[in-house]
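The values are calculated or read from the model by the stated rules, or taken from the named source; none is laboratory data. Note that the structure is predicted; figures quoted are calculated from it, not measured. Cβ placement follows ideal geometry from the backbone for every residue including glycine, while neighbour counts extend to all protein chains displayed. Side chains included, ligands, DNA and RNA excluded: accessible areas come from the protein's heavy atoms. Shrake-Rupley method; radii C 1.70, N 1.55, O 1.52, S 1.80 Å.
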Amino acid sequence: MSFVAAVRKELHHTPLLWLLVFVPIVLAAAKLKPEAHTLLFVLSVLAIVPLAALLSHATESVGAKTGDAVGGLLNATLGNLTELVIALTALYAGQYMLVKASIAGAIVTNTLFMLGASFLLGGLKYPTQEYNRVSARMQAGLLFLATVALLIPSAVAQADSAAGAIFSHKLSVGLSVLLIVAYALYMLFSLKTHRELFASAAHGGDGEVPWPMGVALATLAGVTVLVAMVSHIFVDSVQKAAETFGMSPAFVGFIVVALVGGAAEMASAFSGARKNRLDLSVGIALGSASQIALFVAPVLVLLSFFIGPTPMDLSFWPGAVVMMLIATLTAALVTNSGRSAWFIGVLVLMVYLIFAMTLYLLPPRAA
Amino acid sequence: MSFVAAVRKELHHTPLLWLLVFVPIVLAAAKLKPEAHTLLFVLSVLAIVPLAALLSHATESVGAKTGDAVGGLLNATLGNLTELVIALTALYAGQYMLVKASIAGAIVTNTLFMLGASFLLGGLKYPTQEYNRVSARMQAGLLFLATVALLIPSAVAQADSAAGAIFSHKLSVGLSVLLIVAYALYMLFSLKTHRELFASAAHGGDGEVPWPMGVALATLAGVTVLVAMVSHIFVDSVQKAAETFGMSPAFVGFIVVALVGGAAEMASAFSGARKNRLDLSVGIALGSASQIALFVAPVLVLLSFFIGPTPMDLSFWPGAVVMMLIATLTAALVTNSGRSAWFIGVLVLMVYLIFAMTLYLLPPRAA
Amino acid sequence: MSFVAAVRKELHHTPLLWLLVFVPIVLAAAKLKPEAHTLLFVLSVLAIVPLAALLSHATESVGAKTGDAVGGLLNATLGNLTELVIALTALYAGQYMLVKASIAGAIVTNTLFMLGASFLLGGLKYPTQEYNRVSARMQAGLLFLATVALLIPSAVAQADSAAGAIFSHKLSVGLSVLLIVAYALYMLFSLKTHRELFASAAHGGDGEVPWPMGVALATLAGVTVLVAMVSHIFVDSVQKAAETFGMSPAFVGFIVVALVGGAAEMASAFSGARKNRLDLSVGIALGSASQIALFVAPVLVLLSFFIGPTPMDLSFWPGAVVMMLIATLTAALVTNSGRSAWFIGVLVLMVYLIFAMTLYLLPPRAA
């Protein structure tokens, strides 16, 4: 099966992929009309969504062929590849406010929007849904600790105004190393010593036929390049476009980037909820958020020494700290009972909506 | 049975109602000695307590006659009628500090004082008390989310000094609309789609005989007018009286108004605890606090555009934010196990006492 | 059995006690070289560890002879005797920053380090460990409430800059009285009315033979005097030594004092975890932290009126407040499931490590 044939079959199975037509359009438009920021912004958003879905399927296909351990490792590392590529492009452009907003936004969006919408969509079909309380609690515990670890520099720095910029940089680097070590141990834990706890979340794309190895690897490489190219256009146009739409940069990073980058995972989580497999939805939502905190964020800090104009630290603006803490606490409280009903979903989504509204109304500020 | 006969029978059944004698006394005193603030304050407190008890019984009687759905709706909407009327009177007088303190105080008092005293009173009679963990957790989850939604403007505004007053007003209005929508959905959830989860809390006044419809409606109307009249005296006298007693306005709003307004509900909750029906107590305490956050607070914000001198926003002073968050987190942690013992009650009450002490000692500040 | 014989037998049983040789060495060194701060610091740390172990065993021996109620009371009161003596010495020297850091550090170290290392050490031997969820939750609830009570003055004072120093002092005294009353009621609860909930944690030194009463009492008295003498040297040398090692005073109080003072309890907790008796470990860790908050801290505030240069209040620096809240929330979330695995231990330890790193890098500040 050639690459083109595989793509065509996918198109039939996943109508979302028709959006792929926007990939050449946005690349052409960027060449022809580099100053049409609003148009480029909209086109690049439309182009990233199907690319993220392709990346997700390619990663799973490689995983399915290489066996559980390697496949799990790949899935865990590349599961947030789209977010990582967008953030790297913003890092390269020195837009640290956007990078940090997209880290914070991915954690908040995964825990509140993805979880809340899964509960709501599932709850509209089934009166009460039960899921594995033990593994949900363990995952919520991991997420809480991972987020806390990520937030300590901001919390302390901000509580303690005597702490200076050098302190913040040193701490961010030390912390990033610790987080990556913790992530490596988390791989060992979830893929080797205690994989039965995470079993149900491993097969995100159940029902889909995996691609042959060659096709999958070629897709992975090719699509990553395409995501990078489109991200470049996206990052360049987002600032100006946001002004046109009246959106603050914080809103764009927090909400728009997070929703765009996580579209593929959301599709899996929502489909799981509709099939009364809430374990799957909870696993994707909490697992993905943990991965951002334990892997994507520290990798970006360490890479900022090589690719950004100046090193980036891990101190978030105060409102983001509050939102991340509330989001993870909400996830911990809400998944505690192992039961869900539609109104729980409504309330979790409402917290997300309020965050979004707050960020939308927030007057612009310097990074 | 005439109105007078009904009142007389109630007096026999509920000795608290003898306090009704203070209603004419305070109204007369306000006419004769409008400058005796301390006296008027004490008299109005004594008069509001039995009126609140009458309102509560009247609401339940109407509910009992109209059937489950309408009755539940009435109960849920009018359950905090006393608090609402007091707050409206303060709003009309432009005392926004008092209004906000009474919102925050009602949430804190319901979760800490009502819950803690129920655990203590029940625990003195039974070594360990069990209650329905599943519904307690769901209610604690609702309360946490409702409170968080209410607090976001304060948390963000305060974390982010760049945010101005216009931002705060716009956000408060948007948020109020969202909260009321959430409350309407909550009605649908708790009265229609999942009413079995809330069943035990529905019959607050079990054992009492409901009044006939006419008596109940007349009482509802008449007593609401009386509460409004007494509240007017209360709000006018409270500032000056507080100075005499050495109490800060924050203390008055947080502690005095909340205890006075919630007296009737507390009586039901405590009686439930003594009868080993802790489900009832937990339901009343958490349900009432949720209602303040999801219904009373946003209604006051929206009404402030019509009846107050200037619109009121939803940003609380920082200490109130901390107290509300701690109160709801405490409720979530404490109700998590589904078991209670007397010392749990002591500790929850101690947190309340410490809040009260802090507010009492706090030097006065401008609203 | 003479005192010397008892000590000799202990030396064989507990190799840690060989460190006792540093007690005379540090006392001699302090006489001969009072200006060798770094040396004296290291020697005093080495001398306090075995003294703490002796104190712990002596307390348990007295407890074993006097029966459950009195023994439990003794254990509960003297369980943190080492921390108390070190803090008293620092209080006498007017080093309030060190006193407060050691209170905060003991709470954080007990909940994060002791709990995390117990989970890790136990988890390396057993894939999953279960422990009594009900009592763990109740203890975590107590700890949360105790810590919240301790933190309210700091949280409010800091959120509310209008509050002055007089406010803070009045509040600290009132609060200390409340905390001690709560502690007395906690004794009643855990030793009398509900002792079955705490049963497993009562016998910290199982397997060890209790000493005869005379030996135990003599050890208790003699070792307390020795701890006081060594603490005096420790407190005098710590400031200068910390500068040599590049450690901030916050780091010394938070991390070094807490680890040194809690060494004996940690040995018991870790040994319990290795024997798959995680109830014991959780009980020691959470119980000891609660005791610091409910007993040691308020006693120090009240004693500061008699032995310190000026009275001490209970307001902690903002970073310490954040760390204590996160530590107790972590304990509550982590013990919620009643199950543990090695990676949970790793994550809890990581939060502790990050706190330690933050404090180490923090630029020095005035108390």
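Some points to look at:
- The number of residues in region C:333-349 being within 21 Å of the chain's Cα centre (by Cα) and open to solvent by 10 Å² or more (accessible area, probe 1.4 Å) comes to 2.
- Taking region A:267-367 as the region of interest, the helices (runs of 4 or more DSSP H) fully inside it that hold 1 or more residues being away from every other protein chain (no Cβ under 14 Å) are A:278-291, A:297-307.
- Note on region A:157-181: residues that are open to solvent by 30 Å² or more (accessible area, probe 1.4 Å), hydrophobic (A, V, I, L, M, F, W, C) and at pLDDT 80 or above amount to 5.
- The residue list B:Leu325, B:Leu303 contains one member that is under 17 Å from B:Ala106 (Cα atoms), in contact (Cβ under 8 Å) with a residue 24 or more places away in the chain and surrounded by fewer than 23 Cβ atoms within 10 Å (Cβ to Cβ), which is B:Leu325.
- The set of residues in region A:83-116 that are assigned to a helix (DSSP H, G or I) and open to solvent by 10 Å² or more (accessible area, probe 1.4 Å) comprises A:Glu83, A:Leu84, A:Val85, A:Leu88, A:Thr89, A:Tyr92, A:Tyr96, A:Met97, A:Leu98, A:Lys100, A:Ser102, A:Phe113.
- Qualifying residue in region B:196-207 (condition: within 10 Å of chain A (Cβ to nearest Cβ), at pLDDT below 80 and surrounded by 18 or more Cβ atoms within 10 Å (Cβ to Cβ)): yes
- Residues being under 28 Å from A:Leu121 (Cβ atoms) and assigned to a loop (DSSP other than H, G, I, E, B) - total across region A:238-266: 2
- Flag for B:Lys65 being open to solvent by 40 Å² or more (accessible area, probe 1.4 Å), part of a helix (DSSP H, G or I), of a type in the set (Lys, Arg) and modelled with pLDDT under 85: yes
- Yes/no for B:Val134 being at pLDDT below 80, in a loop (DSSP other than H, G, I, E, B) and either out of contact with any strand residue (DSSP E or B) (no Cβ under 8 Å at 6 or more places or on another chain) or within 14 Å of chain A (Cβ to nearest Cβ) (or both): no
- Evaluation of C:Ala218 against (1) under 30 Å from C:Ser154 (Cβ atoms); (2) at pLDDT 80 or above (one fails), failing number: (1)
- With respect to (1) surrounded by fewer than 21 Cβ atoms within 10 Å (Cβ to Cβ); (2) of a type in the set (Phe, Trp, Tyr); (3) under 26 Å from C:Leu81 (Cα atoms), the lone exception for C:Phe316 is condition (1).
- Residue check, B:Val282 among the β-branched types (Val, Ile, Thr) and either more than 13 Å from B:Ala101 (Cβ to Cβ) or in contact with a Ser or Thr (Cβ under 6 Å, 6 or more places away or on another chain) (or both): yes
- Taking (1) of a type in the set (Ser, Thr, Tyr); (2) at pLDDT 85 or above; (3) open to solvent by 10 Å² or more (accessible area, probe 1.4 Å) in turn, A:Ser231 satisfies each apart from (3).
- Residues located in region A:23-36, provided they are open to solvent by 50 Å² or more (accessible area, probe 1.4 Å) and part of a helix (DSSP H, G or I): A:Pro24, A:Ile25, A:Lys31, A:Leu32
- Meets criteria (at pLDDT below 80, more than 16 Å from B:Ser288 (Cβ to Cβ), surrounded by fewer than 24 Cβ atoms within 10 Å (Cβ to Cβ) and of a type outside the set (S, T, N, Q)) for B:Ala184: no
- Within region B:139-156, the set of residues being open to solvent by 10 Å² or more (accessible area, probe 1.4 Å) and at the interface with chain A (Cβ under 7 Å from one of its Cβ atoms) comprises B:Gly141, B:Ala155.
- For A:Ile354, the criteria (1) closer than 18 Å to A:Val257 by Cα; (2) touching a residue at least 60 places away in the same chain (Cβ under 8 Å) hold in every case but one, which is (2).
- If the condition is being hydrophobic (A, V, I, L, M, F, W, C) and either more than 24 Å from the chain's Cα centre (by Cα) or within 13 Å of B:Val230 (Cα to Cα) (or both), then region B:40-65 contributes B:Leu40, B:Phe41, B:Val42, B:Leu43, B:Val45, B:Leu46, B:Ala47, B:Ile48, B:Val49, B:Leu51, B:Ala52.
- One residue stands out in region B:121-138 among those that are under 21 Å from B:Val346 (Cβ atoms) and among the hydrophobic types (A, V, I, L, M, F, W, C): the one that is surrounded by the fewest Cβ atoms within 10 Å (Cβ to Cβ), namely B:Leu124.
- Residues that are open to solvent by 30 Å² or more (accessible area, probe 1.4 Å), in contact (Cβ under 8 Å) with a residue 24 or more places away in the chain and in contact with a Leu (Cβ under 9 Å, 6 or more places away or on another chain), drawn from region C:252-286: C:Ala267, C:Phe270, C:Arg274
- Qualifying residue in region A:287-300 (condition: touching a Phe, Trp or Tyr at 6+ places or on another chain (Cβ under 7 Å) and either open to solvent by 10 Å² or more (accessible area, probe 1.4 Å) or under 25 Å from A:Ala182 (Cβ atoms) (or both)): yes
- Candidates A:Leu91, A:Leu115, A:Leu124: the one that is hydrophobic (A, V, I, L, M, F, W, C) and closer than 24 Å to A:Val322 by Cβ is A:Leu115.
- Of the residues making up region B:242-266, those that are over 20 Å from B:Leu19 (Cα atoms) and in contact with a Gly (Cβ under 7 Å, 6 or more places away or on another chain) are B:Gly253, B:Phe254, B:Ile255.
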